[in-house]
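The structure appears right after this line, and notes come after that.
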Amino acid sequence: MITNDLETIQKMMLTGSLLIRLKEDDNQGLLVKAEMNKAREVTIPEEEFSVVGPKESFVESLTTNLNLVRKRLPIPQLEIKEFTVGTLSCTRVAVLYISGIANEENINTALQRVGDLKYHQILDSSYIAQMISDNDNSPFPQLIDTERPDRVAGVLAEGSIVILVDGSPHALIGPTTLVKFFSALEDYFINWQLASVLRVIRLFAVSFSILVTPVYVAVLNYHYELIPKDLMATLVSSRSLIPLPPFLEALILELTIELLREAGARLPTKVGQTIGIVGGIVIGTASVEAGLTSNVLLIIVALAALASFTTPVYKMGNAIRLIRFPFLLLAELWGLIGIGIAFIFLMGHILRLTSFGRPYLEPIYPPRLEDLKDAFVRLPFKMQEKRPIELQSPDTVMFSKRKADENKDIDE
Amino acid sequence: MKKKIILTLLVCIIVSYFGRIEKEIIDELEVATAVGFDSKGKNKIEATAVMPLIKPDKTISNKTVSTIGNLSKEALSNVNHKSHKPVVNGKLEVALYSKKVAEAGIQDYIDTFHRDPSVGSRLLLTVVDGEVKEMLQETFEEFDTGSYIQKQLSHNMERGLIPTSNLHLFLSSYYTKGMDPVLPLIELKDDDINIKGLALFKGTKMVDSIPFRNMFVFKSLFENIKMAGYKLKTKEKGKTEYFSIQGISTRKEFDVTHIHKAPEVTLHLKIKGFIREYTGEGVSSKTAEKAEKLMENKVKKEAEMLIKKFQRKNIDPLAFGEQARSRTRHWDEKRWNQQYKNMKVNVKVDVMISEIGVVDGLEL
């Protein structure tokens, strides 16, 4: 680029270009891009690891990331709109969609929201996720963040919009729904029966994780009639020496688990092993033997923690960690009725949530029966001929079922 | 905005503080599993409650508390005075009434359980021949007495000879027109609970009982039996032979004719079973036929005898009245009661021996 504009020269040189002038007092010069991009190699995904399927993940360089997506969608319709966000960081943000497949309204929403961002520094895509989400007071993430280029390519083909941020190995996907947070990409790599069962297990695990400790507290506090008589001896004998009421006992154990999790996440890997020993043996066994917690509750809390790890999207797991506590509090106050009240509030909140203006609880509400083909269960590929109604794609048909069904195998 | 938040918080705090409900923490309660009533002279009731004492090493022992009062509720609430933890009745398994109490009428006791929402409608009711307190103070293996009695009764209802009954069914047969309730009758015999027979009620008062040996026939007339056993005795050529017929399932059907003028009830009883033991020589298809005949006659005789007895006592545990009522318009209870005593009841028994065991056709 040959220019004599001082401002451009300054800007370009600050982002790593060379200026070549023939004579020292020439007011024109040639700007050559010569930036050095020190970036991590493309590695295997760590958060969304899958046993089968591709094992590439995004890195911190936008150029590499775009390349990873582009090679999976080598079509001219894949459009990339770039923005520079952040007055200090000048971060490159790219909005990706396939024109003709993504809904115009969704595209405009995304472009407008990213374009209007006013902030001084963007260090990660999660900054953007928080700033452009529809309701930033909600504990639930309204955009899926993923580190897998294959997932990005997959949702782009369905008509979603993807936001990539330079310096962040996480892409943002929107519009999305609640059930999508419980579908892992691996569900598409294994056969549909197994994938469906796994999804149902995951949803069950999440509701179990939210409800089990509150139900324990509620039943022990208010509804002793509900305990089966064969379980009575186990429960009473495990609780008989505990000085704390069920609520405090449960709260302390829940907080202990949270502590373990937090400590495990903050510590370097080498020291992390100590945490397992401290958590497992010292806190677990010793506190039961000392008569501080009942072993039934210990099992319940541990199972609940285990169940909350089954969510494929890490941020959703965090939200589930959080909403357990209001449930616990209301269970202490009003027993099962309290859990009911908490559930009503939760449902009311999720019902009102939107993602890029599209309903979050779809296909449950508004009921879109057709979208159930890829929600709680995953039906076989030949039944997935239409794009999800939720995304309102102008081109609804992904492939022709009739043609796909044609049997061209030669057999006698 | 700030005002709104403060107001919401304030409402939350007020509601959650003043809207609390009474807590019933499981390990701070005495959960009664059985309650029994004895009659102690005139207008005095002795209530006995059984509570399992669960120790930290999971062994269960019994704790019984008895109190005397004028009312059943009073006696029950007196139990609380004698216990170091509040006694609750949400896990009641059985309620036992001594024969004396049952004969005086158990209306008041039933009413308490009926009103209390924490008492389940699957509570078993039973009449005890003898002193209830004595039975409840007995210890049985690793269970507390309440669960033990409940277990024994309920498995005998499922696959034994006790007609299915619980609080719900008792109330339903009590309130149904043309039907009278039945309860099992048990006794304490050599440190064991023995099923003695059935207590027959008129309303809520016990009026009669039938012995254990008639329970098979009664149950088969009362409801469909799934699994039961029956013993037959024959005398042939001066030799006494016994049949044991097992795996019996029965079906019954009612036929009510001439409801308005002179009602006549026909009971079709179908019995299916197989021979498991025979003390005579060799079992063949002929012996099976013989057994069928024998059983038909015996069951028929016994059934007729039982029904005669019910008619004499003017009670209707087999719900003939209910059967007639459900088949007619304008059923008149008063007239039915007059007709009932002299009503003709036919019993038709059809026994089928489906197999004679794996030694089929073996000639000895």
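Taking 26 Å as the limit for the C-alpha separation, the pairs B:Lys252/B:Lys341; A:Lys229/B:Lys42; B:Lys205/B:Lys233; B:Lys42/B:Lys308 exceed it in the case of A:Lys229/B:Lys42; B:Lys205/B:Lys233; B:Lys42/B:Lys308. Radius of gyration (Cα atoms) of segment B:285-336, expressed as a multiple of 2.2 N^0.38 Å: 1.67. Once backbone amide H atoms are built at 1.01 Å from N, B:Leu92 has B:Gly120 as its partners under 5 Å, excluding neighbours fewer than 5 places away on the same chain. The residues of segment A:200-235 occluded by other protein chains by 40 Å² or more of accessible area, set against the chain on its own, are A:Leu220, A:Asn221, A:Tyr222, A:Tyr224, A:Glu225, A:Lys229, A:Met232, A:Ala233; surface from heavy atoms, 1.4 Å probe. Under 5 Å from the amide H of A:Ile144 lie the amide H atoms of A:Ile173, each residue being 5 or more positions distant or on a separate chain, with H modelled from the backbone and absent for Pro and chain starts.
Using the Kirkwood radius over Cα pairs, work out the Stokes-Einstein diffusion coefficient for chain A at 20 °C and 1.002 mPa s, in µm²/s as a whole number. For these conditions, the coefficient is 87 µm²/s.
Here the contact order of segment A:10-136, divided by its residue count and restricted to Cα pairs under 8 Å and six or more residues apart, works out to 14 percent.
Under 17 Å of direct C-alpha separation, and excluding same-chain neighbours fewer than eight residues apart, B:Lys344 reaches these aspartates and glutamates: B:Glu253, B:Asp255, B:Glu264, B:Glu302, B:Glu304, B:Asp316, B:Glu322. Rg over Rh for chain B works out to 1.10, using Cα positions for both radii and the Kirkwood form for Rh. Contact order normalised by length for chain B, with contacts defined as Cα pairs under 8 Å and 6 or more residues apart; what percent is it? With pairs under 8 Å counted, the relative contact order is 13 percent. What whole-number distance in Å separates the alpha-carbon centres of segment A:285-331 and segment A:362-412? Taking the Cα centre of segment A:362-412 as reference, the centre of segment A:285-331 is 38 Å away.
The alpha carbons of the protein assembly as shown give a radius of gyration and a Dmax of 38.7, 142 Å, in that order. Per residue, segment A:290-335 exposes 39 Å² of solvent-accessible protein surface, assessed with a 1.4 angstrom probe and all protein chains in place. Here segment B:241-364 is treated as an ellipsoid with the same Cα gyration tensor; its semi-axes, largest first and in whole Å, are 38, 13, 10. Each residue of segment B:157-163 is assigned a 3J(HN,Hα), and the resulting list reads 7, 6, 10, x, 10, 7, x Hz, derived from the Karplus form 6.51 cos²θ - 1.76 cosθ + 1.60 (θ = phi - 60°), x at Gly and Pro. Between segment A:201-255 and segment A:94-145, how many Å separate their Cα centres? Segment A:201-255 and segment A:94-145 have Cα centres separated by 41 Å.
Listed cross-link partners B:Lys196/B:Lys235; B:Lys286/B:Lys309; B:Lys63/B:Lys202; B:Lys63/B:Lys219 are compared with a 32 Å cut-off, the Cα-Cα value being larger for B:Lys286/B:Lys309; B:Lys63/B:Lys202; B:Lys63/B:Lys219.
The residues of segment A:1-122 have, on average, 65 Å² of accessible surface per residue, using a 1.4 Å probe with all protein chains present. Segment A:10-66 and segment A:165-188 have their alpha-carbon centroids 25 Å apart.
Bridging of A:Lys403 to aspartates and glutamates at a Cα separation below 16 Å is possible for A:Glu385, once same-chain residues fewer than 8 apart are set aside.
Out of every Cα-Cα pair that segment A:62-176 contains, those further apart than 23 angstrom amount to 21 percent. Within the accessible surface of segment B:184-312, defined with a 1.4 Å probe on protein heavy atoms only, the carbon and sulfur portion equals 48 percent. Summed over both chains, the accessible area lost when A and B associate is about 2200 Å², using a 1.4 Å probe. Dividing the convex hull volume of the alpha-carbon atoms in segment A:353-412 by its residue count gives 93 Å³ per residue.
Accessible area of B:Leu161 (1.4 Å probe, protein heavy atoms only, ligands and nucleic acids ignored): about 30 Å².
The value of relative contact order for chain A, using C-alpha pairs under 8 Å at least six residues apart, is 18 percent.
Working note: Cα atoms of segment B:24-212, range along each principal axis, descending, whole Å: 49, 35, 30. When the solvent-accessible area of chain A is split by element, carbon and sulfur atoms take up 62 percent of it, the probe being 1.4 Å. I'd like the Kirkwood hydrodynamic radius of segment A:216-299, using the inverse of the mean 1/r over distinct C-alpha pairs, in Å. By the Kirkwood definition, the hydrodynamic radius is 14.1 Å. Measuring heavy-atom accessible area with a 1.4 angstrom probe and counting protein chains only, the residues of segment B:79-103 that give up at least 10 Å² relative to the chain alone are B:Val88, B:Gly90, B:Lys91, B:Glu93.
Ranked by the mean number of other Cβ atoms within 10 Å of their residues, highest first, the peptides A:105-114, A:398-407, B:180-189, B:321-330 come out as B:180-189, A:105-114, B:321-330, A:398-407. Of all DSSP-defined beta bridges confined to chain B, some 65% are antiparallel rather than parallel. In this model, which of B:Lys100/B:Lys231; A:Lys81/A:Lys118; A:Lys33/A:Lys55; B:Lys85/B:Lys189; B:Lys100/B:Lys300; B:Lys99/B:Lys301 are farther than 27 Å apart at the alpha-carbon? The answer is B:Lys100/B:Lys231; A:Lys33/A:Lys55; B:Lys85/B:Lys189; B:Lys100/B:Lys300; B:Lys99/B:Lys301.
The values are calculated or read from the model by the stated rules, or taken from the named source; none is laboratory data. This one's a predicted model, so the numbers in the text were calculated from it and none came from an experiment. As a convention, Cβ positions derive from the backbone with ideal geometry for all residues, glycine included, and neighbour counts pool all protein chains shown. With ligands, DNA and RNA removed, areas are computed over all heavy atoms of the protein, side chains included. Shrake-Rupley method; radii C 1.70, N 1.55, O 1.52, S 1.80 Å.
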